Amino acid sequence: ITPGELLCLGSSLAFSGLFYYLYRRKARVVARIQEAPKLQVDDNLPALVSAAEGRCLPYVALEGVVLPAQAALTSHYHEGLQGVIQKLLLKEHRLIWNSLARSW
């Protein structure tokens, strides 16, 4: 076995371990999302949120009817499919000149 083969084997094992670790971490997140409790959008929801720890419910599936503020968005690809945007957030980052890289 040459040193080059050992290097290739070691790097292959290291990358395999890294990718398996990342896969398992994402699989746990997906499992938590799939096990999320399903709540109805009704008058009891604000009381439930305020009673939760930190006034936050992590990974909750909300079911219910929403009404658009103006007009519902219609899909160009699926006939009869409509949706709404709950909140649009635009965040602008301040640009700082980096003299070493000569970029903003």
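The values are calculated or read from the model by the stated rules, or taken from the named source; none is laboratory data. Just so we're clear, the structure is a prediction, and the values are computed from it rather than from any experiment. Don't worry about glycine lacking a Cβ; one is built from the backbone with ideal geometry, like all the others, and counts go over all protein chains shown. Heavy atoms of the whole protein, side chains included, go into the accessibility calculation; ligands, DNA and RNA do not. Shrake-Rupley method; radii C 1.70, N 1.55, O 1.52, S 1.80 Å.
Between Ala61, Ala69, the distinction of being out of contact with any strand residue (DSSP E or B) (no Cβ under 9 Å at 6 or more places or on another chain) and of a type in the set (Gly, Ala, Ser) belongs to Ala69 only.
Taken together, the residues in region 1-36 that are out of contact with any strand residue (DSSP E or B) (no Cβ under 9 Å at 6 or more places or on another chain) and closer than 23 Å to Val60 by Cα amount to 12.
Out of the residues in region 55-84 that are surrounded by 10 or more Cβ atoms within 10 Å (Cβ to Cβ) and β-branched (Val, Ile, Thr), which is modelled with the lowest pLDDT? The residue in question is Val66. Flag set for Leu13, criterion: free of Cβ contacts under 8 Å to residues at least 24 places away in the same chain and surrounded by 10 or more Cβ atoms within 10 Å (Cβ to Cβ). Each residue in region 17-38 was checked for being within 21 Å of Gln86 (Cβ to Cβ) and either modelled with pLDDT of 90 or more or in contact with an Asp or Glu (Cβ under 7 Å, 6 or more places away or on another chain) (or both), and 1 of them qualify. Of all residues in region 38-52, exactly one satisfies the criterion of being within 21 Å of the chain's Cα centre (by Cα) and open to solvent by 70 Å² or more (accessible area, probe 1.4 Å), namely Lys38.
Restricting attention to region 52-68, does a residue exist that is free of Cβ contacts under 8 Å to residues at least 24 places away in the same chain and β-branched (Val, Ile, Thr)? No: region 52-68 contains no residue that is free of Cβ contacts under 8 Å to residues at least 24 places away in the same chain and β-branched (Val, Ile, Thr).
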